[in-house]
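Below is one structure, written out as structure tokens; comments come after it.
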Amino acid sequence: MSGKVPPSSRANIRRSARSQTQRAALLYERFTGHDAEDSFRVTIPDLPKSVAVIGPCDAVQYTTVRDGVTEKYIHKFKSEDKPLLCVSPDGQQLLFIGGAYVFTERGIVDRSDRKNLPPRFRR
């Protein structure tokens, strides 16, 4: 997906963000092209100490609004970058464990995608 997704209108925002909340807001703005608003809160459950490993995650599909346009995206992970899809013991929490990818202003980018991986994420 990342190779076909143009950057949003705010992809090149250059501003420092120190707290995790500020960093999350900046990532949101760079990806969506919209101001990050504190419109609702999400309760993050504790991570389980054990999970059931379902198997490699082949792809992620999601809908979001970027620069005022509702878009649907499918990211197909390259074989060497796939995370494991896992589920909490109570079956109520899905998790991606491991994998080699980052989320950038263009969405999910596999680390093996040297063409689209921003230099700051290259090892």
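At-a-glance table
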quantity	calculated
Pairs with Cβ under 9 Å, 6+ apart, first in region 21-48 and in contact (Cβ under 8 Å) with a residue 60 or more places away in the chain, second outside any loop (DSSP other than H, G, I, E, B)	Leu27/Phe103; Leu27/Thr104; Arg30/Thr104; Phe31/Thr64; Phe31/Arg66; Phe31/Phe103; Phe31/Thr104; Phe31/Gly107
Strands (runs of 3 or more DSSP E) wholly inside region 37-123 containing at least 3 residues that are closer than 22 Å to Leu27 by Cβ and either β-branched (Val, Ile, Thr) or within 14 Å of the chain's Cα centre (by Cα) (or both)	59-66, 69-76, 94-97, 101-104, 107-110
Given (1) within 22 Å of Arg122 (Cα to Cα); (2) surrounded by 11 or more Cβ atoms within 10 Å (Cβ to Cβ); (3) among the polar types (S, T, N, Q); (4) at pLDDT 95 or above, number of the condition Ser8 does not satisfy	(4)
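Here is a yes/no grid of residues against (1) touching a helix residue (DSSP H, G or I) at 6+ places or on another chain (Cβ under 9 Å); (2) surrounded by 15 or more Cβ atoms within 10 Å (Cβ to Cβ); (3) under 21 Å from Ser9 (Cβ atoms); (4) modelled with pLDDT of 95 or more:
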| position | (1), (2), (3), (4) |
| --- | --- |
| Leu27 | no, yes, yes, no |
| Thr32 | no, yes, yes, no |
| Asp46 | no, no, no, no |
| Ala59 | no, no, no, yes |
| Tyr62 | no, no, yes, yes |
| Glu71 | no, no, yes, no |
| Lys78 | no, no, no, yes |
| Pro83 | no, yes, no, yes |
| Val87 | no, yes, no, yes |
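The values are calculated or read from the model by the stated rules, or taken from the named source; none is laboratory data. Only a predicted model underlies this, so the values are computations on that prediction, with no experimental measurement involved. When we count neighbours, we look across all protein chains shown, and the Cβ atoms used for this are built from the backbone with ideal geometry, even at glycine.
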